[in-house]
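*Asks:* The structure's right below; bear with me while I get my questions together.
The values are calculated or read from the model by the stated rules, or taken from the named source; none is laboratory data. Everything numeric here is computed off the predicted structure, so don't read it as measured data. Here the Cβ positions follow ideal geometry from the backbone for every residue, glycine too, while neighbour counts run over all protein chains shown. Keep in mind that these areas ignore ligands, DNA and RNA; they rest on the heavy atoms of the full protein, side chains included. Shrake-Rupley method; radii C 1.70, N 1.55, O 1.52, S 1.80 Å.
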Amino acid sequence: MRLDMKTLTEWSEAWWNKLGPIYQEAFTHGAKPERVLRSMLERGIACLHAGMVGDEAIAMAVTGFRGKLGNRRLILDYMAVRDTWRGKGFGTRFFMHIRDWAVREHQVKAMIIEAEAMDTETNRNRLAFWHHCGFIETPYVHQYIWVPEPYRALALPLSPDFRITDDGRSLFHDITSFHQQSFRNSS
């Protein structure tokens with residue numbers, strides 16, 4: 001089956017009606033409220049991606065950029081595949097669409113994600129997926145003050161000149177900066 005991707009840079013209720021249920025199903029806790037996501041798109045600091053099979057939305061992602069052209073990194077804030085479509089390769093294909101779009105359209109040097117660091121079966125499965133996609137796990141574990149779970153940063157170098165020069169703390173600088181910007185003016 002063919003998987004198509006649509007990238008939105010402006011908020012659309014019609015698209016959110018298709019993608020919101022996937023988001024809510026996958027992120028039962030720790031997710032940004034809809035009003036924050038809407039504000040992020042309205043302020044031009046994020047993109048909303050839809051993975052489509054025909055007319056059905058089966059995957060969604062929220063991304064944002066850090067850094068200037070020449071050293072741009074893409075934060076993959078959220079990515080989810082509808083539960084009934086998991087385990088069939090669509091998550092990998094959807095991720096590759098986002099990766100290729102980031103390089104082609106925005107000359108991104110690396111992609112950065114954060115993953116829960118607690119050792120659970122669910123988290124091990126998520127890490128296995130990200131490793132399969134080429135992400136490199138960093139040893140630093142970050143503890144936010146507003147969520148109980150510790151997180152670890154992972155990076156996917158997309159340019160030979162991107163290097164992780166520390167234990168992952170610098171990646172969290174990008175991640176936390178993006179989160180702070182996300183919540184600014186979102187009421």
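Residues are listed down the side, and each one gets a yes or a no for (1) open to solvent by less than 50 Å² (accessible area, probe 1.4 Å); (2) of a type in the set (Val, Ile, Thr); (3) at pLDDT below 95:
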| position | (1), (2), (3) |
| --- | --- |
| 23 | yes, no, no |
| 33 | no, no, yes |
| 53 | yes, yes, no |
| 86 | no, no, yes |
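*Asks:* OK, next. Kindly provide the set of residues from segment 99-124 that are under 17 Å from residue 78 (Cβ atoms) and without any contact (Cβ under 8 Å) to a residue 40 or more places away in the chain, ordered by number.
*Replies:* Passing the criteria: 115, 116, 122, 123.
*Asks:* Then there's this: For segment 99-143: of the residues being under 15 Å from residue 63 (Cα atoms) and of a type in the set (Val, Ile, Thr), which is most open to solvent (accessible area, probe 1.4 Å)?
*Replies:* The residue in question is 103.
*Asks:* For residue 81, are the conditions met, namely being in contact (Cβ under 8 Å) with a residue 12 or more places away in the chain, closer than 27 Å to residue 157 by Cβ and either hydrophobic (A, V, I, L, M, F, W, C) or open to solvent by less than 10 Å² (accessible area, probe 1.4 Å) (or both)?
*Replies:* yes
*Asks:* Here is a further query. If I ask for residues that are of a type in the set (Val, Ile, Thr), part of a loop (DSSP other than H, G, I, E, B) and over 15 Å from the mean Cα position of the chain (by Cα), which ones from segment 100-137 would you list?
*Replies:* Result: 120, single match.
*Asks:* Take the residues in segment 67-77 that are open to solvent by 20 Å² or more (accessible area, probe 1.4 Å) and touching a residue at least 12 places away in the same chain (Cβ under 8 Å), then tell me which one is farthest from residue 30 (Cα to Cα).
*Replies:* 70
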